[in-house]
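Written below as structure tokens is the structure these notes are about.
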Amino acid sequence: MTTVAELFKTAGVSYGGVVRWGQPPSERSPGIYVVSSSENADESTGLDAAPLDTAAVSTLVRIRPEASIDGSPATEATMQTRLREMWVPNEPVLYVGLAGTSVRARVTQYYNTKIGARAPHAGGWPIKMLDQAALWVHFGPAQDPDAAEMIMIRHFEENVPLDTRATLIDQRTALPFANLTHPRGVRKRHGLAGVKASRAVADRTVDGPGVV
């Protein structure tokens, strides 16, 4: 299992602190943030199963009636099943994100993005499907956030145990739960479509590097 502290150390990123999900980080410089199921950056064991917020899943399916899974219309039940299949059991790291300008600003955008919306930060949207009381955001400054994110995700992927990888919906790409695209451009094969507003809508935006 990969700890948050291990990711920061491997990428050479100074650890800046941790806040509960919903609270803005203090870091105003470019950097990295990691959403975790643990407040403790040294915690090596995460949750065995996804702590889904069924009300959030219901909201997503209602707001995005065009959502589909493997080409079939999504229902609350099938969406919950697919999210559980994307969960990486016992890994405390749930999402790795970068901020090219301000960590505080980027994470705040993440918080403020509504379920099913594309803007201002729809990257890592599966996090919004979880019980937010179970989430923490670790952060730190980085001179080259893109490179740091690449190193962190590669390290995570390389250290997912083989037996855990075998349980994933996409065994080829063992990314953290809410990372849907590898920085190299490889997309997680999750079968989900239509879960965000079309780019044609007025609130569209361009997601930050390394997110989908």
>> Could you tell me which residue out of 87, 73, 46 lies farthest along the dipole of the range 30-88 toward its positive end? Charges go on the beta carbon: Lys and Arg +1, Asp and Glu -1, centred on the Cα centre.
In response: 73
>> Cut-off 10 angstrom, C-alpha nodes, Gaussian network model of the chain. Which of 140, 22, 31 fluctuates the most?
In response: 22
>> Given a Förster distance of 30 Å, report the FRET efficiency between residue 187 and residue 29 from their Cβ-Cβ distance, rounded to the nearest 0.05.
In response: 0.50
> Sequence-distant or interchain residues sharing an amide H contact under 5 Å with residue 181, placed H: which?
Replying inline: 188, 212
> What aspartates and glutamates sit close enough to residue 114 to cross-link, taking a C-alpha to C-alpha distance under 12 Å and skipping anything fewer than 8 places away on the same chain?
Replying inline: 203
> What span do the alpha-carbon atoms of the chain cover on each of the three principal axes, reported in whole Å from largest to smallest?
Replying inline: 44, 42, 31
> What helices does the chain hold that run 18 Å or longer along their axis, going by alpha-carbon atoms, with a Kyte-Doolittle average of -1.0 or more, using DSSP H for the helix calls?
Replying inline: 145-158
> Charges only on Cβ, +1 for Lys and Arg, -1 for Asp and Glu: so what's the dipole of the chain about the Cα centre, in debye to the nearest 20?
Replying inline: 800
> With the dipole of the range 71-212 worked out from charges on the C-beta (+1 for Lys and Arg, -1 for Asp and Glu) around the Cα centre, which of 194, 159, 108 lies farthest toward the positive end?
Replying inline: 194
> Which residue, chosen from 12, 96, 185, occupies the Cα position most advanced towards the positive end of the dipole of the chain, where the dipole is computed from +1 (Lys, Arg) and -1 (Asp, Glu) charges on Cβ about the Cα centre?
Replying inline: 185
> Going 7 Å from the Cα of residue 39 toward and past its Cβ, which residues in the range 1-29 have a backbone nitrogen under 20 Å from where you end up?
Replying inline: 3-6, 15-27
> At residue 111 and residue 58, where each label point lies 7 Å from the Cα along Cα→Cβ, what is the point-to-point distance in nanometres?
Replying inline: 2.6
> Of 78, 108, 181, which has the largest mean-square fluctuation in a 10 Å C-alpha GNM of the chain?
Replying inline: 78
> Mind checking which of 179, 159, 90 has the largest fluctuation in a GNM of the chain, springs on alpha carbons under 10 Å?
Replying inline: 159
> Where does each of 14, 68 land when they are ordered by accessible area, with a 1.4 Å probe and the largest first?
Replying inline: 14, 68
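The values are calculated or read from the model by the stated rules, or taken from the named source; none is laboratory data. Predicted model, so just to flag it, every value in this text is computed and none were measured. Ideal geometry is used to build each Cβ from the backbone, glycine not excepted, and the neighbour counts take in all protein chains shown. Just so you know, the surface numbers come from the protein's heavy atoms only, side chains and all, with ligands and any DNA or RNA stripped out. Shrake-Rupley method; radii C 1.70, N 1.55, O 1.52, S 1.80 Å.
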